[in-house]
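Remarks on the structure that follows.
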Amino acid sequence: MTESITEAEAIHSIRSHLPQLPRSDPSLGDSILSVTRDHFPAKEETEDRFTRMLNELAQDREAQSRKWKEQKAEDKRKWDEQNRKWEEQTQGYRIIISAETSGWPGVGWAKARAAEPAIEAVVSVSRRAQHNDDRKTMYRRRILQSSVK
């Protein structure tokens, strides 16, 4: 009488005996490897892929670091330019206020005339900067009102 085993029993038997079978019969190990090669890559191929991915990640990290440094340098350049413009604007206002308080005589008037390009630049910058326009307009009104008094 033949004894039949269930599928679960067969799987359990294969799992328990499979590790020892290639040691006892090397050709069986080669057969198992040939079946699994269709479904799984070889160790060397997997290691090559992994190494390639690590290299790509390192290159991406270096590229991002380089872009970040370039962006920081660009931001610094823009801030320096903006600070220079703000300083010119402030200097123009200082000259105007100085000339106003001295009643626009002599030297005050010459300084105000020399500052006209800076004042023109201030006006054009303020036209472009809509969010600061109200504050600048209020400041100009104060200057004009104090000059009328």
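The values are calculated or read from the model by the stated rules, or taken from the named source; none is laboratory data. Just so you know, these numbers come straight off a predicted model, no measurement behind them. Here the Cβ positions follow ideal geometry from the backbone for every residue, glycine too, while neighbour counts run over all protein chains shown.
Table for the structure above
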| quantity | calculated |
| --- | --- |
| Residue in the range 6-20 that is among the aliphatic types (A, V, I, L, M), within 21 Å of the chain's Cα centre (by Cα) and surrounded by 10 or more Cβ atoms within 10 Å (Cβ to Cβ) present | no |
| Selection within the range 26-65 - of a type in the set (D, E, K, R) and surrounded by 10 or more Cβ atoms within 10 Å (Cβ to Cβ) | Asp30, Arg37, Glu45, Glu47, Asp48, Arg49, Arg52, Glu56, Asp60, Arg61, Glu62 |
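Residue-by-condition table, conditions (1) under 30 Å from Arg140 (Cβ atoms); (2) at pLDDT 95 or above; (3) not aliphatic (A, V, I, L, M):
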position: Glu56; (1), (2), (3): no, yes, yes
position: Gln59; (1), (2), (3): no, yes, yes
position: Trp79; (1), (2), (3): yes, no, yes
position: Trp86; (1), (2), (3): yes, no, yes
position: Gln91; (1), (2), (3): yes, no, yes
position: Ile97; (1), (2), (3): yes, no, no
position: Glu100; (1), (2), (3): yes, no, yes
position: Gly103; (1), (2), (3): yes, no, yes
